[in-house]
Structure formats: C-alpha cells, structure tokens
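Worksheet for the structure shown next.
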Amino acid sequence: MTTLSFRAGEIYVVYGVFFTAHSRYTGYVYTRQFRFSDMMNDLEQEFIRLHNATFQRLYAARQEEIHAGSVVLNRNQIILAMPRDIPASEPPPDRAQMVVERERVPAFLEAWPFTLEGLIHRVPGTGLIDYIHDPQRRFLPVTNCTVTYHLNPDLSFQSPFLLVHRQHIETLVEASSLGRREPVRPTEVLREAEEREFDPAAVAAFLAATPMFRSVNPDALTAACEGLSKRGLMGRRLYRAGTTVFTAGGRGDILYIVEAGRLVAFVSDPAGREHHLGSFGPGDAFGEMAILGDNLRTFSVRAVENSVLVTVHQDAVRELVKQFPSLVTGLINVLIQRHARLTEARRKVPGT
C-alpha cells in the first residue's frame, strides 16, 4: 500500500484484486482507510472505483485481460478481495494489535462459484452464526487460504490473506483439520449436471404450457412422463451458471426444454473468440437436431444463470410423437423456426 501524503486524513492508494462470480478485476483504489479490510468494510460506500484497471472473464475460452481507465464495482457483487501491492502486507487478524485475542480455526467455506480452505479468526466462544452475521463488517477475513473456482479449476490459487463477502457465504464448516481432496478436473466440472427430483405431474403441467406441448392432454402427458422417467428417458437437471450443457461438434441425442433460468448459444471462431447466437429462457427448447436426424451439435450452449432443464431423450421424443400425433405440428414448427434463427445468426460469424 502506498500513500499520497503522510499527513493524517490524506488519501492512500491501494492496488487490489477483486473477484465477482464471473470476472476478475485489478486496479488502484483511492481511500482514506489505511487498512485494506477497513476500506472494504466501509459501510458508507456502495461502490468502489478502480483506476488503471484490468478485467478478465474467468470462464471465457481465451483468458484475455481487458484494460480500462476506470471501472466501478458494486461492493455487494464482490465475492473475494485481496491486496496485491505486497503479498500479505496487512497483518493477519491473529497478529494485528487487537484488544481481544482471536483463535485461529481451520474452516471450509462455500461462496459460489468459489470454495475456500483456510483459517478464520474469531473471538473465543463466539458461535459461527454470530461470527458470520456481523452487521459492521461486510467482509470476513481468511488467511493461509486455498481458493478453487468451480467454473474453471485451472484458475484456482492460494493467498496468504483475502476477504470474502459474508452475504455470499452459503456454507461454513468448522473443523480441527480439513481432509485432503483430489483436485477437480475442469471437464468433470463443466460437464457435471445435478439431477433434480422428477415429479411427472409437475413436469407434464410445465410442458403443457409450452408452445411445443400445449396441444397434448395434461393427464395423458403425466402418465407418459412417468413411464419415460422410470426408463431413464426423461429427467430434470440443474446446470449452474457458467456450466456448459454441450459443445459444438459433439454428438447428442437429448432435447432440452428450459424450465427455469437463462442460457446462451454461441460458436467460437478460429481465433477462439466467442460469438453469441441467441439465448434460451423458460419454455424454450434446444438440441433439436438430435431428433431431426443430425446428432452433431452445431453450436455450444452455456448457462448464464442457474438453470433447470427438462431432458428428453431422442427415443422418448419418438414415443411421444407416436402417442400424441398432434404433437408433430407444434414440435416441428417450434424446432424448425428456432433452428432457422440460429443458423442465420451463425452465418454472420466470420470463419465458421
């Protein structure tokens, strides 16, 4: 940390690193607070302005830094923050001159899409809930910390000191010792989808409200969904924000219908730049080529919000069409129209 003046009340200059769910920002912050943690916990300031800043999309195909004269960050969107001028330049809480002694507690924290393993520092006898819900301190300090970014574990790192936003903490596990875990491979994370409960009646009611299935009797559709789910031909999956559903060039045999959330379709040009083709929201279907005869994916799809998808295997689609002939018209119209729009957008992408 450097200062513009040695006189009390003058401005200090902090060079910091700040992580949101999808981006990493670095830059200089002008502040009247000497300690980095005091600057981050200033309750009167809703925004932080970075000067001579850079930012980087964490899960982009190419990890390129973009430079900007200044960037304004909403403090509540910052999940992790740490000073960068001098590593560990701020004394950890257990070494700082404090009125009360703090105990170091090994802990595991989840603040999606990050997990942290390190030491928290709390007043002896303080419960975890009281420790997390400190109305005067938005950010909780962690030292000797290992950070994993689940949307791209290759970007995981270690830090002697960082701050995590209390409102983003989903889980805090206190332990005398944390077991060693094998690192998660990027492909396992990007392809992982969490299975969700499949209620045939609820799924049928949802499908009956979509353009594709609205001509089908809901009661008959419920019975069909129940039978297909028992055979593993239908399901519900949660794809967290940043997770890839499938990639261009891969083979597929599943039709996806968005129950909740938002996803984007994109292709990459020869230089590795991503080009947006369109987006999918509740009621939209994609992966249509799996049932139109060509099982090669022509574009990639990624969740930009936590998204729940109803999955329908190609064999299930064929059975539904046989059982409900009225489904054919709505099915083909919706799929062809969507495919035409995406194909037209794809033609505008250079080199693809």
Residues of segment 233-265 being surrounded by fewer than 16 Cβ atoms within 10 Å (Cβ to Cβ) and either modelled with pLDDT of 90 or more or outside any loop (DSSP other than H, G, I, E, B) (or both), in sequence order, are Arg251, Ala260
When every residue in segment 266-292 that is within 20 Å of His313 (Cα to Cα) and of a type in the set (D, E, K, R) is compared, the one modelled with the lowest pLDDT is Glu288
Exception for Phe6 within (1) modelled with pLDDT under 85; (2) aromatic (Phe, Trp, Tyr); (3) surrounded by 14 or more Cβ atoms within 10 Å (Cβ to Cβ) falls at (3)
Filter segment 38-84 for residues that are among the hydroxyl-bearing types (Ser, Thr, Tyr) and modelled with pLDDT of 85 or more; the one that is farthest from Leu155 (Cα to Cα) is Ser70
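Among the candidates Phe108, Phe157, Phe161, which residue alone is at pLDDT 75 or above, under 20 Å from Ile48 (Cβ atoms) and in contact with a strand residue (DSSP E or B) (Cβ under 7 Å, 6 or more places away or on another chain)? Outline the logic, then answer.
On the way: Phe108 fails: under 20 Å from Ile48 (Cβ atoms); Phe157 fails: under 20 Å from Ile48 (Cβ atoms).
None of the others qualify; the one that does is Phe161.
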Gly16 fails exactly one of (1) surrounded by fewer than 13 Cβ atoms within 10 Å (Cβ to Cβ); (2) more than 30 Å from Val267 (Cα to Cα), namely (1)
Within segment 306-334, of all residues that are hydrophobic (A, V, I, L, M, F, W, C) and out of contact with any helix residue (DSSP H, G or I) (no Cβ under 9 Å at 6 or more places or on another chain), the one modelled with the lowest pLDDT is Val334
Taking first residues from segment 32-61 that are farther than 17 Å from Thr20 by Cα and free of Cβ contacts under 8 Å to residues at least 40 places away in the same chain and second residues anywhere that are among the aliphatic types (A, V, I, L, M) and part of a loop (DSSP other than H, G, I, E, B), the pairs with Cβ under 7 Å that are 6 or more apart or on different chains are Arg32/Ile11
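The values are calculated or read from the model by the stated rules, or taken from the named source; none is laboratory data. None of these values were measured; they are calculated from a predicted model. Please note: Cβ atoms are built from the backbone with ideal geometry, for glycine as well, and neighbour counts cover all protein chains shown.
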